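Report on one structure; see the data block that follows.
The values are calculated or read from the model by the stated rules, or taken from the named source; none is laboratory data. Keep in mind that what you see is a predicted model, and the values were worked out from it rather than measured. Cβ atoms come from the backbone with ideal geometry, glycine included; neighbour counts cover every protein chain shown. Each accessible area value is taken on the protein alone, full model and side chains, heavy atoms only, with ligands, DNA and RNA left out. Shrake-Rupley method; radii C 1.70, N 1.55, O 1.52, S 1.80 Å.
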Amino acid sequence: MKVFIKTYGCQMNERDSEAIAGMLAEQGYSIVEQENAADILIFNTCSVREQAERKAVGKVGIMKKLKKKKPALIIGIMGCMAQNIGDKLLRDMPHLDFVIGTGQLHKLPEVLNSISEDRKQLSLLGGGGEVLTSMGTHHQMPDAKKYQAYIAVTRGCNRFCSYCIVPQVRGREISREIDDVVSEARELVAGGVREIMLLGQNVAAFGLGGDTRPPPDGVSPFACLLVELNKIEELYRIRFVSPYPSYFNDKLINTLGSLHKVCHHVHLPLQSGSDCILKKMNRQYTAEKYLEIADKLRKAMPDVTFSTDIIVGFPGETDEDFNATHEMMKKVGYDNAFIFKYSPRTGTPAAEMTDQVPQKIKEERNQILLKELGECALAHNKTYVNSIQEVLVEGPSRRNAKRWSGKTGTFKVVIFDPAPDTEQGKLVKVKITRSTSATLFGELT
Ligand code: SF4
């Protein structure tokens, strides 16, 4: 049977889709690119914002027409939205065959078998650590880059930031065994992968058993994992996302600086530069501590670039709080930032806070930070001009297929003219000749 998988949301969802595609391919299913060609449609959904849920619900709603034409079609929803409101979805959409939560993905083949035999709606939610068994299967998705792969190293989160629904929909934090992750990486590299991205809602908490207290100095199982991965021959680059700032102790920072395969780009979620708002968000660090971590990372890796997540208009955010965030942006000098206007998420403490900020103010604050980000990235990218950068080749550029693109270790996109022997997944040297706020342009050397 042919399966079409549509993924919404984060890299962890992309990885889950890839893992279930791998599981289903092992069972004889084929993964197809067109929904019209499929016997089974699976929507892997996101619940982080209500808008993401609405988008997925709209899409599944449209599928009702297709099901009328093809009554044998099986339609299912997996992922965070299934976990969050799965039973309601089954009630509201009789053409939906199943919902499967984030902790039960390993049971998907059984679910499909059962629905094929007995066309009854099925709900499989809850679950726990067993889902780890599904985290090692890989499948080359039609639009994926062959030489890059995601490896999920932790699942879930124990931190309960007051605006975030992830702990409810992804469950408690669990980590895989270090040997398990390393052997998965070895297999991927043997198959041609050259860059791996380690994933986890709280990736640097890997191996800490879900303890939310920052680890003492000298303790970082995540650093130990990086050391082991760095030994894999033919692996060029290691990236990771998303680390909670408090887990960057000296051991981890020094390890990052000492391993040549670990890329000098750190995604360091700030959320707010105001201690008062950080406290309301239940983030366990202060602006000062965050800056101290950023400074130490810069000392360990002088060319490091930072990206971040910021929420503007969190309940109770005053002009003063917002200015503190703006100041932090200037001090850290981010190269990229995902700036979100706060939107209440049902089921989280922040949604119940009474001092919500008007939408107009959120818009204004958002624009101010976007402008700051653009100026900072432009200024920083100018410093790359005339330098020679090592670039991992990704292939033809999306805008102009005659030119190729790749990325520096610092996560900068570089556009260049390929030579006849330029190959995807290889490292090349590019002399940067000009830059914009988003892109570097150069020539092969
Ligand atoms: S650490 Fe990240 S995933 Fe966990 S609750 Fe906070 S924002 Fe959500």
Considering only residues that are at pLDDT 95 or above and closer than 29 Å to ILE85 by Cα, which ones fall in the stretch 311-347? ILE311, VAL312, GLY313, PHE314, PRO315, GLY316, PHE338, ILE339, PHE340, LYS341, TYR342
Applying the selection to the stretch 203-235, what residues are within 14 Å of the ligand (Cβ to nearest atom), in a loop (DSSP other than H, G, I, E, B), among the hydrophobic types (A, V, I, L, M, F, W, C) and open to solvent by less than 30 Å² (accessible area, probe 1.4 Å)? PHE206
Identify the single condition in (1) of a type in the set (Val, Ile, Thr); (2) closer than 19 Å to GLY257 by Cα; (3) within 13 Å of the ligand (Cβ to nearest atom) that VAL166 does not satisfy, given that it satisfies every other one. (2)
Being in contact with a Leu (Cβ under 8 Å, 6 or more places away or on another chain) and in a loop (DSSP other than H, G, I, E, B) is the filter; apply it to the stretch 243-263 and report the residue that is nearest to the ligand (Cβ to nearest atom). PRO243
Looking at the stretch 279-326, which of its residues are assigned to a helix (DSSP H, G or I), within 15 Å of the ligand (Cβ to nearest atom) and open to solvent by 20 Å² or more (accessible area, probe 1.4 Å)? LYS279, LYS280
Report, by residue number, each residue of the stretch 145-154 that is open to solvent by 30 Å² or more (accessible area, probe 1.4 Å) and either within 16 Å of the ligand (Cβ to nearest atom) or more than 30 Å from LEU125 (Cα to Cα) (or both). LYS145, LYS146, GLN148
Can you pull out the residues in the stretch 173-202 that are out of contact with any helix residue (DSSP H, G or I) (no Cβ under 9 Å at 6 or more places or on another chain) and within 11 Å of the ligand (Cβ to nearest atom)? none
Suppose we filter the stretch 269-278 for residues that are among the hydroxyl-bearing types (Ser, Thr, Tyr) and either away from the ligand (no atom under 15 Å from the Cβ) or open to solvent by 10 Å² or more (accessible area, probe 1.4 Å) (or both); how many remain? 1
Quick check, is CYS157 in contact (Cβ under 8 Å) with a residue 60 or more places away in the chain, crowded, with 20+ Cβ neighbours inside 10 Å and not aliphatic (A, V, I, L, M)? no
Quick check on my filter: what residues within the stretch 161-198 are modelled with pLDDT of 95 or more, over 18 Å from GLY425 (Cβ atoms) and part of a strand (DSSP E or B)? LEU198
Give me a count of the residues in the stretch 422-445 that are over 18 Å from LYS146 (Cα atoms) and acidic (Asp, Glu). 1
If you check every pair at least six apart or on different chains, which have Cβ atoms under 7 Å apart with a residue in the stretch 182-210 that is more than 15 Å from LEU225 (Cα to Cα) first and a residue that is of a type in the set (Asp, Glu) and within 16 Å of the ligand (Cβ to nearest atom) second? GLY210/GLU173
